[in-house]
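The values are calculated or read from the model by the stated rules, or taken from the named source; none is laboratory data. Here the structure is a predicted model, which is why all the values come from computation and not from measurement. Virtual Cβ from ideal backbone geometry, glycine too; neighbours counted across all protein chains shown.
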Amino acid sequence: MLVECLTDNRNRAASDVRTAMTRNGGSMADPGSVAYLFTRKGVVIVPKDGTTEDDVLVAVLDAGAEEVNDDGESFEVVSEPTDMVAVRTALQGAGIDYDSAEAQFVPSVTVPLEEDGARRCSAWSRRWRSSTTSRTSTRTSTSPTRCSRSLTSVVSR
């Protein structure tokens, strides 16, 4: 898991993140030790709602999309962060709605989790979000729905 923080005090933010990790049964690696496992990408989530993968692919291919993934209930369109606006515009031009569009750190290595591991990852993520402080804005690169696809440096006990 990669944690991105926005703060006015780096030392306090590091302390807050370390405390939240420890309280929630995780451990923290040294700063920057897992960053090489992630790449910043533009990610657009498109609900299926009668839309086929071919429809999405035709709409975004010329706009700079690198891949379209089927995530069950939605499609995930991955592009370079600089091409994300063009991808969104292409989807709108084709009459296809999207749920979200943001720059994210996407893992370069994924590890499948069994049901129990995914359940623990999801519970840990919920506890993590509720325990972070308001003075430090944090964002993790994984959400509970992406736990099964992410390599984590956090060891949940």
Hey, can you tell me all the residues within the range 110-125 that are of a type in the set (A, V, I, L, M, F, W, C) and in contact with a helix residue (DSSP H, G or I) (Cβ under 6 Å, 6 or more places away or on another chain)?
L113, A118, C121
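Please count how many residues of the range 43-70 are in contact (Cβ under 8 Å) with a residue 40 or more places away in the chain and either closer than 14 Å to S100 by Cα or loosely packed, with under 13 Cβ neighbours inside 10 Å (or both).
Here is the first cut: in the range 43-70, the residues in contact (Cβ under 8 Å) with a residue 40 or more places away in the chain are 43-47, 49, 51, 55-56.
Within this subset, residues satisfying the condition of being either closer than 14 Å to S100 by Cα or loosely packed, with under 13 Cβ neighbours inside 10 Å (or both) are 43-47, 49.
Residues in the range 43-70 being in contact (Cβ under 8 Å) with a residue 40 or more places away in the chain and either closer than 14 Å to S100 by Cα or loosely packed, with under 13 Cβ neighbours inside 10 Å (or both): 6 in total.
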Can you name the condition, by its number, that D30 falls short on among (1) surrounded by 11 or more Cβ atoms within 10 Å (Cβ to Cβ); (2) within 24 Å of R120 (Cα to Cα); (3) not small (G, A, S)?
(1)
Picking from G93, G50, which residue would you name as being modelled with pLDDT under 90, out of contact with any Asp or Glu (no Cβ under 6 Å at 6 or more places or on another chain) and over 28 Å from R126 (Cα atoms)?
G50
